[in-house]
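Worksheet for the structure shown next.
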């Protein structure tokens, strides 16, 4: 079979498997499909063959494929594409389509660990308290109450922005400080939500019902846009940037930065790394361990400020 099967046939089978058996999101599927399409284009240019057969894909060809991105792509992007290829070949090996795995021997790009961006506790409290003060104005619209509720919710729960915008009102009905979210790979998890965030959400819904009842009736979505429809993750990012500036904070922070802030503040307060992993919905502890770099930076600052032999003497 390996002698006649094409790269496109194999890629199509892999994508069907990812969609129907792994249940990956549309965004993730597009990333996998794009990586494999780029490989197909590169292999066609390199071998001069149309179509490209699986037997044409060698370790040298894959090494050249990754190396060809050296100037045009970040190392993180190169690493992701190599990860796609390795997953692709594991699938083909398991199905008996091919016997070898040339991607397994291609060197992984060296990536410098990136410390996630986040706000300090004082900055975050300044931001959230500022949003609350804006809501207390008699002229405040339901959208102001929505914005405060969204960002209180993101910081309180640590959920991904994609998970938050997919929530419906009934997901928070009769909850005792917990909410069920649908994460990556259609995996459900239950995460705690603080009283302040839940109170902010209830106040937002009450103002929404008072000011825009027809919008509330239009959809079951928890967080709505100006037309009453479901708010998108991109819109949340845009709203966050605008509200940060209104509160006098000029840092470039994405909604994911609030998730980073959630994890960092918990870790700095002594929370268990495994518990943080569970709340964030990380499948691997190594992903959560990125926050230990931030934690160690904080520890070193405390050490330098407090230890007698660390302080400079006149």
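The values are calculated or read from the model by the stated rules, or taken from the named source; none is laboratory data. In this text, all values refer to a predicted model and were calculated from it rather than measured experimentally. When we count neighbours, we look across all protein chains shown, and the Cβ atoms used for this are built from the backbone with ideal geometry, even at glycine.
One table, with the values for the structure above:
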quantity: Some residue of the range 297-305 being surrounded by fewer than 17 Cβ atoms within 10 Å (Cβ to Cβ), within 19 Å of the chain's Cα centre (by Cα), at pLDDT below 80 and in a helix (DSSP H, G or I); calculated: no
quantity: Among residues of the range 160-200, those that are in a strand (DSSP E or B) and either within 14 Å of the chain's Cα centre (by Cα) or touching a residue at least 40 places away in the same chain (Cβ under 8 Å) (or both), counted; calculated: 6
quantity: Among residues of the range 57-85, those that are surrounded by fewer than 16 Cβ atoms within 10 Å (Cβ to Cβ), modelled with pLDDT of 90 or more and touching a helix residue (DSSP H, G or I) at 6+ places or on another chain (Cβ under 8 Å), counted; calculated: 3
quantity: Residue match in the range 245-253 (condition: closer than 21 Å to residue 169 by Cα, assigned by TED's automatic domain parsing to the domain that holds residue 126 and out of contact with any helix residue (DSSP H, G or I) (no Cβ under 7 Å at 6 or more places or on another chain)); calculated: no
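The rows are residues; the columns are (1) out of contact with any helix residue (DSSP H, G or I) (no Cβ under 6 Å at 6 or more places or on another chain); (2) surrounded by fewer than 14 Cβ atoms within 10 Å (Cβ to Cβ); (3) assigned by TED's automatic domain parsing to the domain that holds residue 127.
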| position | (1), (2), (3) |
| --- | --- |
| 159 | yes, no, yes |
| 182 | yes, no, yes |
| 187 | yes, yes, yes |
| 193 | no, no, yes |
| 207 | no, no, yes |
| 210 | yes, yes, yes |
| 214 | yes, yes, yes |
